[in-house]
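Each value in this text was obtained by applying a stated rule to the coordinates, not by laboratory testing. If you're wondering where the values come from, they're calculated on a predicted model, not measured in any experiment. Don't worry about glycine lacking a Cβ; one is built from the backbone with ideal geometry, like all the others, and counts go over all protein chains shown.
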There are 2 protein chains.
Amino acid sequence: MARTAGFYIGLDVGGTTVKEGLLTAQGELIAREVVPTPPLTDAVGYAAVTGGIDRLLAQAAAAPEDVRGIGLAVPAPVPSDGRIKVAANIKLDLDGLRDALRESCPAAAVTFENDANAAAMGELWVGSARGTDSFVFVTIGTGVGGGVVHAGRVVSGVAGAAGEIGHMCLNPEETRPCGCGGHGCLEQYASATGIVRSYLAACRSAGVEPVPLAGPSDSRAVFEAARDDDAAAASAIETMCDYLGRALALVACVIDPEAFVLGGGTSNSSDLFLERLVECYRSYALICSADTPIEIASLGNDAGIFGAAYVALQASRR
Amino acid sequence: MARTAGFYIGLDVGGTTVKEGLLTAQGELIAREVVPTPPLTDAVGYAAVTGGIDRLLAQAAAAPEDVRGIGLAVPAPVPSDGRIKVAANIKLDLDGLRDALRESCPAAAVTFENDANAAAMGELWVGSARGTDSFVFVTIGTGVGGGVVHAGRVVSGVAGAAGEIGHMCLNPEETRPCGCGGHGCLEQYASATGIVRSYLAACRSAGVEPVPLAGPSDSRAVFEAARDDDAAAASAIETMCDYLGRALALVACVIDPEAFVLGGGTSNSSDLFLERLVECYRSYALICSADTPIEIASLGNDAGIFGAAYVALQASRR
């Protein structure tokens, strides 16, 4: 196909599904597949993933040799040396999977990136952060994750912990433990789970019945209640904005990025909190960083596919 | 001179003196001059600086044409585009000074870097951070400054505010204002001034007479009191360690560096606080970052000279 200099594949490996995309070097998504996540530890598991690749290539009438890079987004810290040590939610044999992918597409560079970092790179390539050189991506879902991009590349950190915004300790007086073993982490106040918890606490202290919730992370119900002028919901959103605004101001004191970009499910309700979040951020930021824009991510659930492919593209050009 | 491929000059421009050094490309300091800081806004001021350069060259029997780069460390934020907007403590005409330096050494690249960032680069080149790729330098003096180094280069930030560790808001409940206009900044607890203030507060609340102090930033007297088992001094040091340890853990959640390096006058008393600081850092850090080393800077007051020269060397090789 004459329009590109080869293809790139992004694989977003989640706990439930592997989302697979075939992209051009210009960031155009030309084919998409989803397969249930197998244990990625043996030939059967690898074949489930490479089978998806075969179907992507068939859709685009492309050959395996046309694939210049395969990038994987994985739910695990990826240290700067690329050696993944811990993957809590998936079974993954890194070397075995890499070998299987190389056999499938012999001309492809194979790269691994943390999923939040990959989503950040997707937003950089073709999303909200396009045209910036340095920004911080914050994904607000069940937890709070993040990705730091500097000079157009992910900052991984020596242990892969760069961008672990959710575990910044903002309230050392907090007695409830966080999942990380610490306490008072941003995630405890600003994640979907944190918003629901703050909401339930506000209902209890006001002696009012909470709205029905689909689960402990159903922040959407809380946002809907806020639309109906529910005071407990408003208070939970205020807590989220105050903590997240302070966290972003702290991040700005460290790397002073060009922009912040918010993704994850919660960002769909940004009309209810973005203005207040900007106010909170400004109240804590150094004056020279007070106008740093806070934007909403634009790629949604495909950010990981785009970003994984982009990391592979960068690696193939090194 | 056969041993080098040219010379580099580092100028550390402070409020009182300009420290000037002539260095080889290998980081050897071969001549050193100090001149009182003139207003750097006219020919007389520029001549005071270039006169020092002439004497450096004479000491080394080198010619102006041998100078490949001149780096300046300045007490001002230097944004990533190099355009300095504010310099609180010195009078500085950037373009005029640059022209005068280029006239003095026609083959030299001229670079500007924030003073704390330059000190960080000095430590990277020939000091405690040698051999690392990414680290965070924290300088604890009258205030708390910092420099973030990633992939062997300073992270400046879009407004030059990267590394402004001292103004991380750690205590939003604080009522006393910080010099930056905020409140609850790290600097209010962990600078020499902050240590003295914590000490005096502890003396007041215990109803004891403080030791004599040479001024509001005489943390050395507080450290000496701690050596004599003064409980108020111990409490001030504990506060410093708790805040600084938490700040470093927050920084690790953002960029997860290979190491932290502490400089500034207070670091001379590190035997009294480093062990406790490491404990505090670990108590707040994510488990995968808990072992990041916290080291003491080795170049002392010359770090700025070395680092300014190194930044110029990097620029001359681009």
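The convex hull of the Cα atoms of segment A:130-297, projected and averaged over all directions, covers 10.0 nm². Under the combined filter of DSSP loop state and at most 12 neighbouring Cβ atoms within 10 Å, segment A:54-140 retains none of its GluC sites (Glu not before Pro). Taking the label point 7 Å along Cα→Cβ, B:LEU29 and its counterparts in the other copies are spaced 5.6 nm apart, in ascending order. Computed from point charges on the beta carbon alone (+1 for Lys and Arg, -1 for Asp and Glu), the dipole magnitude for segment A:1-77 about its Cα centre is near 140 Debye. What percentages, rounded to whole numbers, describe P(r) for chain A computed over all alpha carbon pairs with 10 Å bin width beginning at zero? With 10 Å bins starting at 0, P(r) equals 6, 27, 31, 22, 11, 2, 0. The calculated FRET efficiency for B:ASP133 paired with A:ARG204, based on their beta-carbon distance and R0 = 60 Å, is about 0.75.
Taking every C-alpha pair closer than 8 Å and separated by at least 6 residues, the mean separation divided by the residue count of chain A gives a relative contact order of 22 percent. For chain B, the longest principal axis of the C-alpha atoms and the axis of helix B:231-255 are separated by about 60°. In nanometers and ordered shortest first, the copy-to-copy spacing of the A:LEU200 label point, defined 7 Å from Cα toward Cβ, is 4.8. Build a GNM of chain B with springs between Cα atoms under 10 Å apart, and of B:THR193, B:THR50, B:THR16 the one that fluctuates most is B:THR16. Per-residue mean of foreign Cβ neighbours for A:286-297 is 4 (Cβ atoms of other chains, 10 Å radius).
For A:HIS183 and B:GLU103, a Förster radius of 60 Å and the Cβ-Cβ distance give a FRET efficiency of 0.50, rounded to the nearest 0.05. Calculated FRET efficiency, B:ARG227 to B:THR17, Cβ-Cβ distance, R0 = 22 Å: about 0.10 to the nearest 0.05. The rotation axis taking chain A to chain B passes closest to the C-beta of one chain A residue; that residue and the distance in whole Å read A:VAL254, 2. Sequence-distant contacts, meaning Cα pairs under 8 Å at least 6 residues apart, place the relative contact order of segment B:171-272 at 26 percent.
Taking the C-alpha atoms only, the angle from helix A:115-126 to the longest principal axis of chain A is near 80 degrees. Under the combined filter of DSSP loop state and at most 16 neighbouring Cβ atoms within 10 Å, segment A:1-106 retains these trypsin sites (Lys or Arg not before Pro): A:ARG3, A:ARG83, A:LYS85, A:LYS91.
3J(HN,Hα) along segment A:68-80, derived from phi through the Karplus expression 6.51 cos²θ - 1.76 cosθ + 1.60 where θ = phi - 60°, amounts to 8, x, 10, x, 10, 9, 10, x, 7, x, 10, x, 4 Hz, with x in place of Gly and Pro.
Among A:ALA303, A:ALA73, A:ALA100, which one moves the most in a GNM of chain A with springs linking Cα atoms closer than 10 Å? With Cα springs under 10 Å in chain A, the top fluctuation among A:ALA303, A:ALA73, A:ALA100 is at A:ALA100.
Note on A:LYS19: lysines with a C-alpha under 17 Å away, same-chain residues under 8 apart excluded, are A:LYS91. Please list, by residue number, every one of the GluC sites (Glu not before Pro) in segment B:1-45 that is coil in DSSP and has at most 13 other beta-carbon atoms within 10 Å. The qualifying sites are B:GLU28.
The modelled label-to-label distance for the pair B:ASN301/A:ILE84, using points 7 Å beyond Cα in the direction of Cβ, is 5.2 nm. Label-point spacing at A:ARG83 relative to the other copies reads 4.5 nm, in ascending order, each point sitting 7 Å out from Cα along Cα→Cβ.
Close amide-amide hydrogen proximity is noted between B:LEU262 and B:VAL138, B:GLU295, B:ILE296, B:ALA297, each under 5 Å apart and 5 or more residues distant or on a separate chain (H modeled in the peptide plane; Pro and chain starts excluded). When only Cα pairs below 8 angstrom with a gap of at least 6 residues are kept, segment B:87-218 shows a relative contact order of 15 percent. Ordering A:ALA206, A:SER289, A:VAL144 by the projection of their Cα atoms onto the charge dipole of segment A:130-297, which places +1 on the Cβ of Lys and Arg and -1 on the Cβ of Asp and Glu, puts A:VAL144 at the extreme positive end. Over the Cα atoms of segment A:42-168, the radius of gyration divided by the Kirkwood radius equals 0.99; this is the Rg/Rh ratio. The label-point distance for A:ALA5 and A:ARG55, in a model that sets each label 7 Å from Cα toward Cβ, rounds to 3.2 nm.
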